[in-house]
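Trainee: The structure that follows is given in the form of structure tokens.
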Amino acid sequence: MMARLLAFSINVKAGLVFTKGLSSVEEPDIWIRTLDEQTSLWIDVGEPSVDRIKKASRQAHEVKVYSFNSKSDVWWEQGRSKFAMLKASIFRFDLQSVKAFTALIERTMDVSITITGNTAFIAADLGECEVVWEPLQVV
């Protein structure tokens, strides 16, 4: 959930919304839909399959993926050549940074996220942390 919040914060603009999430496998985690129901931005968080990214790149004008799992390196290396053929930007969050952000979670909380370059500085009631991400493929 914190990785989704980070992806949302990095891409914030008018019309950006969280989708139904895990309950709807046909939708991304976050998207922007136009008034005529076209998808202008598709954001997946995690390690989606090459086929899913391929499908997304056919449906949306822009596709972004934010990986963060401990298996993210393996996922990237296994799919790297196939991802290169797709119109999708792929980023990897530093897992330890995401875990530090997760440690700040409370049931109700105020959070401030400041983004500079490829770093998000996060301040919450329980403390502060920085989350960095690495661009793996940018289109």
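Trainee: Once Lys and Arg get +1 and Asp and Glu get -1 on their Cβ, which of Ile90, Val12, Ile53 lies farthest toward the positive end of the dipole of the chain?
Mentor: Ile53
Trainee: Post the alpha-carbon centroid distance, segment 31-62 to segment 99-126, in whole angstrom.
Mentor: Result: 26 Å between the Cα centres.
Trainee: Too long at a 26 Å Cα-Cα cut-off: which of Lys20/Lys99; Lys13/Lys64; Lys20/Lys82?
Mentor: Correct reply: Lys20/Lys82.
Trainee: Okay, next question. If I model a spin label at Lys99 and Lys82 as a point 7 Å from the Cα along the Cα→Cβ vector, what separation in nanometres do I get?
Mentor: Between Lys99 and Lys82, the simple spin-label model gives 2.9 nm.
Trainee: Can you give the translational diffusion coefficient of the chain in µm²/s, computed by Stokes-Einstein from the Kirkwood radius over Cα pairs at 25 °C and 0.890 mPa s?
Mentor: Approximately 158 µm²/s, per Stokes-Einstein.
Trainee: So, one more: Taking the Cα centre of the chain as origin, sum charge times position over the Cβ atoms of Lys and Arg (+1) and Asp and Glu (-1), and report the length of that vector in debye to the nearest 20. Please report the intermediate quantities before stating the final value.
Mentor: Numbers: 16 positive and 18 negative charges, 105 e Å.
Charge dipole of the chain: 500 debye, to the nearest 20.
Trainee: List every residue whose amide H lies under 5 Å from the amide H of Leu136, counting only residues 5 or more places away in sequence or on a different chain, with H placed 1.01 Å from N in the peptide plane.
Mentor: Distant-sequence amide H within range of Leu136: Ile90, Phe91, Arg92.
FYI, it's all coordinate maths here, none of it is from the lab. Remember, it's a predicted structure, so these values are computed and weren't measured experimentally. Backbone-built Cβ (ideal geometry, glycine too); neighbour counts: all protein chains shown.
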